[in-house]
1. Test of understanding: ordering T136, T44 by Cβ neighbours within 10 Å, fewest first, what list do you get?
2. Given Cβ point charges of +1 (Lys, Arg) and -1 (Asp, Glu) and nothing else, what value in debye, to the nearest 20, does the dipole of region 46-187 about its Cα centre take?
3. From the residues V77, A150, W160, which one has its Cα farthest along the dipole of region 46-187 in the positive direction, the dipole being from +1 and -1 charges on Cβ of Lys/Arg and Asp/Glu about the Cα centre?
4. Nearest 0.05, what FRET efficiency do H94 and D71 give at R0 = 25 Å with Cβ-Cβ as r?
Amino acid sequence: MESTILNVGSKINKYNITLDLYRSRVVYYRVVNNNQKEGNEMETTLRDLIEECEDSLDEFALERLDECDPDEIAEAVMNEDANDLIELDSDIIHEIADGSVPVYHSDLIDVAKGNMAMATGEPELGPAFDGRPTPTNIIAANIYEALCAAMWEYVESDEWKDHLIKYCEHNKIVLDVGGPAHVNIKVKGGK
């Protein structure tokens, strides 16, 4: 991914804000005389990484739902089978977690400073990267395991179900429960 640069050039606010999406960091630079910059980097936290994973899961779901038939989406959402419909499985969870674990030692240490369990826990899968039990390899493995666990919790949560229902509402896929024992699904503009 590439960085997105937002320049705020008003007289009131003399800041350039750089969003470095690849490394999950936000870096704020204060503009000084002669166009020199002083950096103050914010630390990467486990919560930041979990939110990044949740966003990736949301993007994955939206892309997959866009490929599905509205009737199938409505039925899957009503029967809570949407994860099967979009083919969300452990491979996707592991791929997203793997791509979200920081690779730089300083970022790994930042996460561990904010959550000591990342530094002190023994990972079930063993140390990451080359498998040597170095502190950063252990931290990386613990982060990976924490991200996987958080994503599984997320896809079982009400928030995940709400995203799917909002997708239906946005795309005019109507979910209608006809009574306590009978489910009616109405799709506007369906195939």
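Quick note: the coordinates plus some simple rules give every number you see, no bench work behind them. Since we're looking at a predicted model, the values are computed, not measured. Ideal geometry is used to build each Cβ from the backbone, glycine not excepted, and the neighbour counts take in all protein chains shown.
1. Exposure proxy ranking, most exposed first: T136, T44.
2. It works out to roughly 480 debye.
3. A150
4. 0.20
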